[in-house]
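Read the figures in this text as sums done on the coordinates, not as results from a lab. Since the structure is predicted, the reported quantities are computational estimates derived from the model, not experimental observations. Neighbour counts run over all protein chains shown; Cβ positions are idealised from the backbone, glycine included.
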Amino acid sequence: MGTTNSNAIQSAISSVAGNLAADDPLRLRIRDAAAAVRDTTPLAQSFTNFVTINFVANAQLAAGGTAAMSFLASDIVDIAAICGATYVNVGTLLPFYRHALREITAAFAETGHRWVLDPVAAGLGADRTAILTDMRATPPTIVRGNASEIITLAAMWELPVDDDNDLDDSRDSRPNGVESADDVESALGAAKALARFLASKTPDGEAAVAVSGAVDLVTDGETVYRLPGGSAMMTKITGAGCSLGGVTATYLCVADPLAAALGASLLYNRASERAAATSDGPGTFQQHFLDELWKVSPAAIASGDIVAE
Amino acid sequence: MGTTNSNAIQSAISSVAGNLAADDPLRLRIRDAAAAVRDTTPLAQSFTNFVTINFVANAQLAAGGTAAMSFLASDIVDIAAICGATYVNVGTLLPFYRHALREITAAFAETGHRWVLDPVAAGLGADRTAILTDMRATPPTIVRGNASEIITLAAMWELPVDDDNDLDDSRDSRPNGVESADDVESALGAAKALARFLASKTPDGEAAVAVSGAVDLVTDGETVYRLPGGSAMMTKITGAGCSLGGVTATYLCVADPLAAALGASLLYNRASERAAATSDGPGTFQQHFLDELWKVSPAAIASGDIVAE
Amino acid sequence: MGTTNSNAIQSAISSVAGNLAADDPLRLRIRDAAAAVRDTTPLAQSFTNFVTINFVANAQLAAGGTAAMSFLASDIVDIAAICGATYVNVGTLLPFYRHALREITAAFAETGHRWVLDPVAAGLGADRTAILTDMRATPPTIVRGNASEIITLAAMWELPVDDDNDLDDSRDSRPNGVESADDVESALGAAKALARFLASKTPDGEAAVAVSGAVDLVTDGETVYRLPGGSAMMTKITGAGCSLGGVTATYLCVADPLAAALGASLLYNRASERAAATSDGPGTFQQHFLDELWKVSPAAIASGDIVAE
């Protein structure tokens, strides 16, 4: 079956320079993850923002999983016992969240429950800074964000960032609202540092960081993978990033962190390209995107462009 | 006009065994309810979860009613004075809800205001259990839920369930997130017990329970009605059940509880079948479903399959 | 370029009696505002209700801007320093909002930050009345609402309303839920009084009030502009008014209050007419409306019917 999978993927591999081989074991892990989501409809719960909570749930369902959302520690801890992974997004905060998220992430750390953090608008507002700072002690399995958020979180956690591409001291670390003020490559060093830190804290030493942008960047702290592709229309609907975080949690229910982060991002690139081709604007794009999430095959996901470095 | 209505319904009745006759008075009550919603655009307010609140409102509008949403007791009590029914859904709770819902349901009980309860994820989390347990003292007019929720609520309220189909003691009562872990038929005894209890508490002795699933089950505590039909795509969008609860409240503004529960469920079955036929996945399905809610005629609603027992 | 703009607008001006001339400077201000939104993708943040928060964000993105949403004073004040305008909507309140909104609007008043108020359901509930009454001391730059909300807010703030069309004392001031119980013309005096009051409080003496309805009414307190057009389907989706308020804030980032209120309302009329022509019900209408928001040109916006009085 490995041969068959590999052939199915092979036929779709494009000619991007440095593209991972069709029979690379990582592609098979991604294909198996995508197939397992379709086969087992895993439950990933979310503690997420009010703006895009509906889109996160619908994206998880369309990708093949199921969804449950809550803001109470007692719910989240109860559901964590029956679900494979949790998605936490700090987009729209309420006053009681700091206490709730402390309790929740402490419970996750104690049980080894795997979760995805989306540090939306990291750096903005005293509450968000306090919440994200707290999480250094009980860190997630995967962090997914835009470049500014990844850079800000690594700085907030005082992680040693040694990459040449890194920012000089003159950078204004304040994000531009919820949009990234930095490009993906400028977050390379922060992403690697963050992934190494997360991996040092997980029970099995596995973790990943995904930086979303024109070319997505995913790393486990050692290898860096770049995913070209996707549609710019994703920046014209709200929740593209949030729902990718949610679907990453869906994939994390059935796969290792690196395969989960890569698989979800590849699915998003493929589905958004297809949706853009049939849409007439951001309204129909959003619906066609959900349709395509539903339709893209595991083989098509696993055959997307992946440039390893 | 009764004859005309009956004829219009007659022509559409399918040949399901045990199907209610075209001139059954219940079908005419359902048709009148659907027509009254279209003619009077009744206001049903909601206290509902953050995931699907937008879809609930849009479904109520598309079904012919109007919507208002709030989480404050002072708002809800004010609006109850000018609306026909209220929808309460305990999906995503905030810490202050227990106190607010106590005040709200006490006010409803005092004034005889009619309301629909959606016991989402009953059994999960200490807050939800406390809130649902409280409601035994000030119960709703209609409960709509999936099989697991109906079974759990009847157990929580310690209602005598005497049906043969009922679950043995070995059942794990913990629900599988927000999805049902039980099939509709296993909730038959609980649904009847719950409906009888609700009917014993309403001013006019009328109440209903609706169990949603592949074949919906609706009962007033005496007769059990089964509604085959609908589309499995309803399980691939979030809010199918929540919005049905909201539309049931819209129908309850103009009809008795049984006709309201049946009418809303029949509308959903018909609209989802039609939407599935023209959709390309869960994204376009959701929009086509709202279109079809808007377009299905009262006669088409009243002529859906209803198997009485 | 003024000539070119004027010609582009000229060719589209319809023959409604009293329609503003194609070369009226106000049309050029509106065209420039629409073009500036497309060119600069301005960030307008929102403190808005849970029902339509997703639609508000998507409408702002489709209109050409970007969005950020929060409910915490610390976030809102931080973001106000980096965005052009804020949208505040009092639709679904939580208990802590009164304190938060006091802090937020005081900060806006101190810095001269411009904002749009949407007094949803004004008159309903003790909390909402307290919040809206508070805002008299720190008023917005623009108020956008339906007729009942505008009348209620002017009364709540005890503004002198001297218009002949005004309501007699026998009017029941209680709104009909979130729908208007009054027609647009009955709010004429209240809208003018409100606009004059707002203009007396802003740093530059500029303000506007927009009353949405079958024929929208916009005023700066001196001149009254009526905007016929738009589609009745806007009343069959939730969030038509809320999202117009959000897009008005987007326009306020780059334009004076009157041009912002007129431009956003004209965009809405044109986009809703186009969407209605291609839709099959409220579901597809909502998506086509977002598509059209994205596609309507600045010249098409500026050439909409505007009847000045």
Check: Check A:Asp216: other-chain or 5+ apart residues with amide H under 5 Å from its amide H, H built from backbone geometry?
Finding: A:Leu227
Margin query: Which one, B:Ala232, B:Ser272, B:Leu198, is farthest towards the positive end of the dipole of the range B:32-308 when Lys and Arg carry +1 and Asp and Glu -1 on their Cβ?
Written below: B:Ser272
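Roughly what % antiparallel, to the nearest 5, for the DSSP beta bridges in chain C?
Within chain C, antiparallel bridges account for around 35 percent of the total.
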Checklist line | Per-bin percent of Cα-Cα distances, the range A:176-309 [5 Å] | finding: 2, 11, 20, 23, 20, 13, 8, 3, 1, 0
Note to self: If I stretch the segment between B:Asp183 and B:Ala277 completely, what's the gain in nm (0.36 nm per residue apart, minus their alpha carbon distance), one decimal?
What the structure shows: 31.3 nm
Note to self: Against the 2.2 N^0.38 Å scaling, with N counting residues, where does the range B:16-79 land? I'd like the Cα-based Rg ratio to two decimal places.
What the structure shows: 1.49
Notebook entry, point to check: Quick one: Karplus J couplings for the range A:129-143, per residue in order, coefficients 6.51, -1.76, 1.60, θ = phi - 60°, nearest Hz, x for Gly and Pro?
Noted result: 4, 5, 5, 5, 5, 3, 5, 4, 7, 9, x, x, 8, 9, 10
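Mind putting a number on the dipole of the protein assembly as shown about its Cα centre? Charges go on the C-beta only, +1 for Lys and Arg and -1 for Asp and Glu, and I need it in Debye to the nearest 20. Mind showing how you got there, number by number?
On the way: 60 positive and 108 negative charges, 116 e Å.
Here the size comes out at about 560 debye.
Report the calculated FRET efficiency for A:Ala106 and A:Ala232 (r = Cβ-Cβ distance, R0 = 56 Å), to the nearest 0.05. Don't skip to the end; give the middle numbers.
Values: r = 40 Å, r/R0 = 0.71.
FRET efficiency, A:Ala106 to A:Ala232: 0.90.
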Notebook entry, point to check: How long, wide and thick is the protein assembly as shown, going by the Cα atoms along their three principal axes, in whole angstroms, largest first?
Noted result: 78, 78, 47
Notebook entry, point to check: Where does the charge balance sit around A:Tyr87 when Lys and Arg score +1, Asp and Glu -1, over other residues with C-beta under 13 Å from its C-beta?
Noted result: +1
Item checked: Label-point separation, B:Ser297 to A:Thr129 (7 Å along Cα→Cβ), nm -> 6.5
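Within the set A:Lys192/C:Lys295; A:Lys295/C:Lys295; A:Lys201/A:Lys236; B:Lys295/C:Lys192; B:Lys236/C:Lys236, which residue pairs have Cα atoms separated by over 32 Å?
Working: A:Lys192/C:Lys295 40 Å; A:Lys295/C:Lys295 28 Å; A:Lys201/A:Lys236 36 Å; B:Lys295/C:Lys192 40 Å; B:Lys236/C:Lys236 24 Å.
As for pairs spanning more than 32 Å Cα to Cα, those are A:Lys192/C:Lys295; A:Lys201/A:Lys236; B:Lys295/C:Lys192.
If you take the Cα Rg of the range A:222-267 and divide it by 2.2 N^0.38 Å, with N the number of residues, what do you get? Before the final figure, lay out each step's value.
On the way: Rg = 11.4 Å, N = 46, 2.2 N^0.38 = 9.4 Å.
Normalised Rg, Cα atoms only: 1.21.
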Checklist line | Copy-to-copy label separations for A:Ser297, where each label sits 7 Å from Cα toward Cβ, in nm and ascending | finding: 4.4, 4.4
Next item on the list: Report the convex hull volume per residue for the range A:20-308, counting only C-alpha atoms, in Å³.
Entry: 110
Note to self: If the only charges are +1 at each Lys and Arg Cβ and -1 at each Asp and Glu Cβ, what is the size of the charge dipole of the range A:20-308 around the Cα centre, to the nearest 20 debye?
What the structure shows: 680
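Sorted by average packing, counted as other Cβ atoms within 10 angstrom per residue and highest first, what order do B:41-47, C:266-272 take? Could you put the intermediate results ahead of the total?
Working: B:41-47: 25.0, C:266-272: 27.0.
The most tightly packed comes first, giving C:266-272, B:41-47.
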Next item on the list: Report the calculated FRET efficiency for A:Thr40 and C:Asp162 (r = Cβ-Cβ distance, R0 = 45 Å), to the nearest 0.05.
Entry: 0.05
